[in-house]
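Asks: Questions regarding the structure given below will be posed in turn.
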Amino acid sequence: MNNFFKCTTVTAVMLGLVGCATWSAGNIKPAPGTQQTATAERPAANQDRNRRKTTQRQKIDPAVAAAITVTENDITDRPYDVVGDIKVTVNKTTIFNKDPTHEQVDEKLREEAAKAGANAVILVRYGTVGIGVMSWGSLDGQGRAVKFK
């Protein structure tokens, strides 16, 4: 009888996870050659940690994110400044969900670029879908966020 309750509990938890489709993570690494300065009141480590907390909670206007260009090539017809390198990962939570797509990665790259104030993400590269410790499938993407002059 005790094993029956264990099996029922495990099954209920698994079915509860089926409702979660995908989750993602991302970060922005400052462009090489740029320096971040800290104020005298707050050390650099605390400033960086607080900036990350604010960035994670920041709401992005869908219209702004949709206007950001994402391309696997360089943009040569317009001058730009490099904002930083962006890396994102899109995961699926259960084995029953579809594998992450390039379009989902592009959406997350747009969101991260919007948070950084960029107009485009260039030189985008995609990984391959693989199973990880915390997900049943993940797809990595990275690119360079740029702001047009």
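The values are calculated or read from the model by the stated rules, or taken from the named source; none is laboratory data. All of these numbers come straight from a predicted model, not from anything done at the bench. Quick reminder, even Gly has a Cβ in these numbers, built from the backbone with ideal geometry, and neighbours come from all protein chains shown. Each accessible area value is taken on the protein alone, full model and side chains, heavy atoms only, with ligands, DNA and RNA left out. Shrake-Rupley method; radii C 1.70, N 1.55, O 1.52, S 1.80 Å.
Asks: With (1) within 11 Å of Ile68 (Cα to Cα); (2) touching a Lys or Arg at 6+ places or on another chain (Cβ under 9 Å) as the list, and Glu111 as the residue in question, which single condition is left unmet?
Replies: Exception for Glu111: condition (2).
Asks: A further question follows. I'm trying to understand the selection: among the residues of region 97-134, which are within 15 Å of the chain's Cα centre (by Cα) and of a type in the set (S, T, N, Q)?
Replies: Thr101, Gln104
Asks: Is it true that Thr54 is open to solvent by less than 80 Å² (accessible area, probe 1.4 Å) and at pLDDT below 90?
Replies: On the way: open to solvent by less than 80 Å² (accessible area, probe 1.4 Å): no; at pLDDT below 90: yes.
When the stated conditions are applied, Thr54 does not pass them.
Asks: Moving on. Tell me which residues, restricted to region 99-140, are in contact (Cβ under 8 Å) with a residue 40 or more places away in the chain, more than 24 Å from Lys59 (Cβ to Cβ) and not aliphatic (A, V, I, L, M).
Replies: Asp99, Arg125, Gly132, Ser135, Trp136, Gly137, Ser138, Asp140
Okay, residues lined up against (1) of a type in the set (Val, Ile, Thr); (2) surrounded by fewer than 14 Cβ atoms within 10 Å (Cβ to Cβ); (3) outside any loop (DSSP other than H, G, I, E, B):
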residue: Ala63; (1), (2), (3): no, yes, yes
residue: Asn73; (1), (2), (3): no, yes, no
residue: Thr76; (1), (2), (3): yes, yes, no
residue: Asp85; (1), (2), (3): no, no, yes
residue: Thr89; (1), (2), (3): yes, no, yes
residue: Ile95; (1), (2), (3): yes, yes, no
residue: Asp99; (1), (2), (3): no, no, no
residue: Val105; (1), (2), (3): yes, no, yes
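Asks: Among the residues of region 127-149, how many are within 10 Å of Lys87 (Cα to Cα) and either surrounded by fewer than 22 Cβ atoms within 10 Å (Cβ to Cβ) or among the hydroxyl-bearing types (Ser, Thr, Tyr) (or both)?
Replies: Qualifying residue count for the region: 3.
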